[in-house]
1. Could you work out which residue, out of G353, G14, G233, moves most in a Gaussian network model of the chain, that is, has the largest mean-square fluctuation with Cα springs under 10 Å?
2. Heavy atoms only, probe 1.4 angstrom, no DNA, RNA or ligands counted: give me E110, E160 ranked by accessible area, highest first.
3. Between V171 and E314, what is the FRET efficiency for a Förster distance of 25 Å, r being their Cβ-Cβ separation, to the nearest 0.05?
4. Among A217, A179, A148, which one shows the biggest mean-square fluctuation in a GNM of the chain, springs joining Cα atoms closer than 10 Å?
5. Net charge within 12 Å of G137 by Cβ-Cβ distance, Lys/Arg positive one each and Asp/Glu negative one each, not counting G137 itself?
6. Summing +1 for each Lys or Arg and -1 for each Asp or Glu, what net charge is found among the other residues whose Cβ lies under 10 Å from the Cβ of L334?
7. So what's the back-of-envelope 222 nm ellipticity for the chain, counting only DSSP H runs of four-plus at -39500 (n - 2.57) apiece and dividing by all residues, rounded to 500?
8. Taking every pair of Cα atoms in the chain, average 1/r, invert it to obtain the Kirkwood radius, and report Rg/Rh to two decimals.
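The values are calculated or read from the model by the stated rules, or taken from the named source; none is laboratory data. As the structure is a prediction and not an experimental result, all values here were calculated from the model. Cβ coordinates were reconstructed from backbone atoms using ideal geometry, including for glycine residues, and neighbour counts include every protein chain displayed. When the accessible area is computed, the model is the full protein with side chains, heavy atoms only, and any ligands, DNA or RNA have been set aside. Shrake-Rupley method; radii C 1.70, N 1.55, O 1.52, S 1.80 Å.
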Amino acid sequence: MARVALVHLGKVYGNDVRALDDVTLEAADGELLVLVGPSGCGKSTVLRLVAGLEEATSGEIRIGGVVVNDLPPQERNVAMVFQDYALYPHMTVRRNLEFPLRMRGAARTEIDRRVAAVARQLELDAVLDRLPKQLSGGQRQRVAMGRALVREPAVSLLDEPLSNLDAKLRVEVRAEIAALQERTRTTMLYVTHDQVEAMTLGERVAVLNAGRLQQVASPRELYEHPASAFVAGFIGNPPMNLLPGRLVADGGETRVAVAGGTLRLAPAALAGREPAGGDEVTAGIRPEALVRVEDGAANALRFVVEHVEWLGHETLAHLRAAAGADGAQVVARLPGMHPLAAGAPLALAVDPGRVYVFDRDGRALA
Ligand code: ADP
């Protein structure tokens with residue numbers, strides 16, 4: 001097991017596809033670090049560079065403190081699990097697990113010891129003599145994991161390992177992977193495009209967009225203190241409402257004009273800046289931070305209901321600003337089966353501590 005460090009890592013495919021741009025990131029020894037971002041943001045490229053399947057254009061990759069840029073894949077001691085994990089269909093589970101060790105010419109006693117250990121960890125003992133087609137999807141996924149772990153790699157790289165499983169199984173196997181990682185304390189880089197998967201699995205989550213690292217933080221930190229409008233809009237479901245706004249000076253206070261009204265801000269949202277007006281900003285409000293208030297209440301924004309989704313435990317109200325805000329739209333998450341009709345007016349207030357402000361480049365002011 002080992003620490004993995006990416007230092008100013010860059011990758012350009014061909015002449016002009018900049019897949020990674022100056023990414024600096026470290027996974028501690030024994031950490032499960034999740035890389036998340038939309039399709040094409042460069043997640044798989046990170047794994048391919050660490051595995052040695054692609055060459056970095058710039059920067060360094062270190063595994064256990066050793067620069068591995070020039071080492072061939074087989075000397076890096078990393079194991080990769082892909083989404084379309086191909087098990088050998090004509091081999092039993094045991095033979096599938098043995099395969100990487102046989103390829104290396106490991107001794108029989110060593111093969112038996114490691115396969116037994118991995119089978120125990122992954123609870124595959126009972127199915128060692130079955131063929132892959134006689135396994136459930138979750139068991140097959142575990143065999144694929146086992147085939148990586150049996151090599152006792154310094155680092156495991158997982159590329160969307162759950163994307164071929166149905167929704168229920170994904171949740172189960174996700175929990176298994178987390179538990180397995182806890183037990184084995186293998187350093188893992190885990191790639192997914194699914195922010196829910198990232199939030200539930202990672203101790204720390206690295207968010208990538210367009211080849212650039214946006215933020216690395218705990219799930220809670222990403223949710224509560226997004227460093228950029230991109231992270232704010234990516235983490236959370238439904239995502240944070242992001243609306244064009246303008247800072248306005250009001251007495252000794254700075255407020256934000258947004259969606260046809262003005263909202264008070266907590267001092268922290270402005271990071272202690274002097275009250276100032278005029279700056280164009282993006283205001284961020286989570287759907288759950290919008291609270292229904294009496295029409296005419298102070299500090300409220302006024303909307304018209306466009307469309308309602310009743311989900312039982314909550315109601316998602318799709319709303320449009322009532323006046324003068326270029327049709328700004330938001331989603332509000334209201335508790336229970338909230339009575340609402342399309343076309344009805346709705347006043348919503350927000351606690352000043354739950355209004356985020358991002359500058360014109362999308363960086364959080366806080
Ligand atoms: P992700 O895994 O986040 O979906 P990738 O790392 O696969 O993204 O790709 C990042 C970017 O690099 C994308 O724009 C993709 O089209 C491009 N890319 C990936 N592999 C190659 C390649 N072999 N040749 C050219 N462009 C590539």
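1. Judging by the Gaussian network model, the answer is G14.
2. On the way: E110 55, E160 20 Å².
Descending accessible area places them as E110, E160.
3. On the way: r = 20 Å, r/R0 = 0.78.
Rounded to the nearest 0.05, the efficiency is 0.80.
4. A179
5. Values: positive: K133, R140, R142, K168, R170; negative: D166, E172.
Value of the local net charge: +3.
6. Working: positive: R292, R333; negative: E288, E314.
Within the 10 Å Cβ shell, the charges total 0.
7. Details: 8 runs with 84 residues, N = 366.
Computed mean residue ellipticity for the chain: -7000 deg cm²/dmol.
8. 1.07
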